[in-house]
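S.K.: Just dropping this structure here.
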Amino acid sequence: MNITKSAQGWTIALLLLLIGLIMSAYTSWTPSNGLLDFSLIGLVVWTLIVTHMTIQTVTVYLHRTVAHRGLSLNPFVSHCFRFWIWFTTGMSVKEWAAIHRKHHAKVDTLDDPHTPIYFGLGSVSQLLKWVFVEGVSKYVKESHNPKTIEEYGHNTPNDWIEKHLYALHPFLGVGVLLGVTNVVLFGLPGLIIWGIQALWIPVFAAGVINGMGHWFGYQNFKREERTADGKLRFPNVAYSTNMIPVGILIGGEELHNNHHAYPVSPFFARKWWEFDLGSVTIRLLCLLRLAKLRTPFTATNKVQGLYYRMFNMGA
Ligand SMILES: [Zn+2]
Ligand SMILES: [Zn+2]
């Protein structure tokens, strides 16, 4: 580390200490409680809410809206999602969309940026290695491939704030502001919440979906299914799997095989007993006129899950 960088680090540390001292003198902030003084249960619930907000942002905005253009969002809502991505993950929308589109284009071949097929997830140790290390390192490696970003990164944000803040300082949000916010709100325990928030997407998106979504679970749609004239019925399915039928924890991304069968559909549930929480969010945004589906509902592009039948939504 050179002298300038270490001086910058010390300046930031002293500045944070000073802010902490001023806050403890003039507000109810203490290092152990922060401004909000939540109980342990309160802290757990808060962590679950903010991490789930990030999951919803990834599935509804990054995945279904930007990468696959299954719906369009009101510009304000869209920007809230963009801010949250920068603030809690530091990921570039353009890079994420490009790498994901390449994954679909080259699914489960040697050119797929993050298929686990050639890695082998046969043992528990390999599975853990993928979920915690390999998944995210493959993503990061591909994000440094300019050819991929150029070839697949079209139709992604490229405005003033993207150039001057989000793309220019990708880790200012998650690396500094999110940590400061958490310490202000919760004191030093906020640092633990910060760590969990920062790890949530690398583990659940890069690790679990990109790995286990092509290895573990059941398939509604099989790669070898053919039409009457001999063509593959679902050419994009490959080895993708639905991990579990109820998609809540990862916002519906659990239904990865269904998604590969109908990649442009913003709805991932295909059976009456499957549930996709992300499509509930989309449906709510549509009802509030904050989102619009790109293509009208068709037999293959409507949600066929239980909640669709119960509420007769979107026909
Ligand atoms: Zn996939
Ligand atoms: Zn996709």
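Bear in mind these aren't lab numbers, they're just calculated from the coordinates by the rules spelled out. Keep in mind the model is a prediction, meaning the values are calculated, not measured. Cβ coordinates were reconstructed from backbone atoms using ideal geometry, including for glycine residues, and neighbour counts include every protein chain displayed.
S.K.: State whether segment 81-148 is rounded, prolate or oblate according to the following rule on the C-alpha gyration tensor (a ≥ b ≥ c being the square roots of its eigenvalues): a/c under 1.5 gives rounded; otherwise a/b larger than b/c gives prolate, and the remaining case gives oblate.
M.R.: oblate
S.K.: Taking the chain as a Gaussian network, where each spring joins two C-alpha atoms under 10 Å apart, which residue of ASN236, ASN74, ASN210 fluctuates the most?
M.R.: The residue that fluctuates most here is ASN74.
S.K.: Sticking with this structure for a sec: Can you tell me the FRET efficiency between TRP273 and LEU110 if r is taken as the Cβ-Cβ distance and R0 is 41 Å, rounded to the nearest 0.05?
M.R.: Efficiency, rounded to the nearest 0.05: 0.70.
S.K.: Also: Set Lys and Arg Cβ to +1 and Asp and Glu Cβ to -1, take the dipole of the chain about its Cα centre, and tell me which of LEU18, THR4, VAL77 lies farthest positive.
M.R.: Of LEU18, THR4, VAL77, it is VAL77.
S.K.: As a test, work out the antiparallel percent of DSSP beta bridges whose residues both lie in the chain, rounded to the nearest 5. Could you put the intermediate results ahead of the total?
M.R.: Values: 6 of 8 bridges.
Counting DSSP beta bridges with both partners in the chain, the antiparallel share is about 75 percent.
S.K.: Reachable lysines from LYS138, Cα under 17 Å, same-chain residues fewer than 8 places away excluded?
M.R.: By straight Cα distance, LYS138 reaches LYS94, LYS102, LYS106, LYS129, LYS147.
S.K.: Sticking with this structure for a sec: Which of rounded, prolate, oblate describes segment 144-266, given a ≥ b ≥ c as roots of the alpha-carbon gyration tensor eigenvalues and a/c under 1.5 marking rounded, otherwise prolate only if a/b is larger than b/c?
M.R.: Values: a/c = 3.40, a/b = 1.69, b/c = 2.02.
Because a/c hits 1.5 or more and a/b fails to exceed b/c, segment 144-266 counts as oblate.
S.K.: Could you give the angle, 0 to 90 degrees to the nearest 10, between helix 189-201's Cα long axis and the longest principal axis of the Cα atoms of the chain?
M.R.: The two axes meet at around 30 degrees.
S.K.: Further question: Check each of the chymotrypsin sites (Phe, Trp or Tyr not before Pro) in segment 150-229 and keep only those in coil by DSSP with at most 14 other C-beta atoms within 10 angstrom; list them in order.
M.R.: Qualifying residues, ordered by number: PHE171.
S.K.: While we're looking at this one, here's another question. To the nearest 20 debye, what charge dipole does segment 38-311 have about its Cα centre, counting +1 at the Cβ of each Lys and Arg and -1 at the Cβ of each Asp and Glu?
M.R.: Details: 25 positive and 17 negative charges, 136 e Å.
The calculated dipole for segment 38-311 is roughly 660 debye.
S.K.: Any chance you could give the angle, 0 to 90 degrees and rounded to 10, that helix 277-287 forms with the longest Cα principal axis of the chain?
M.R.: 90
S.K.: Moving on. Checking the cross-link filter: which lysines have an alpha carbon closer than 18 Å to that of LYS271, excluding same-chain neighbours under 8 positions apart?
M.R.: Those lysines meeting the cut-off are LYS222, LYS302.
S.K.: While we're here: Out of VAL44, VAL66, VAL180, any idea which swings most in a Gaussian network model of the chain, alpha carbons joined below 10 Å?
M.R.: Its mean-square fluctuation being the largest, the pick is VAL44.
S.K.: In Å, what is the Rg of the alpha-carbon atoms in the chain, and how long is Dmax?
M.R.: Cα-based Rg and Dmax for the chain come out at 21.2, 77 Å.
S.K.: Helix 93-105: angle to the longest alpha-carbon principal axis of the chain, degrees 0 to 90, nearest 10?
M.R.: Value to nearest ten degrees: 30.
S.K.: Which loop-located chymotrypsin sites (Phe, Trp or Tyr not before Pro) does segment 66-121 contain, where loop means any DSSP state but H, G, I, E or B and the Cβ has at most 10 other Cβ atoms within 10 Å?
M.R.: TYR118
S.K.: Please name which of PRO116, ALA206, VAL237 has its Cα lying farthest along the dipole of the chain towards the positive end, using unit charges on Cβ (Lys, Arg +1; Asp, Glu -1) and the Cα centre as origin.
M.R.: Farthest towards the positive end: VAL237.
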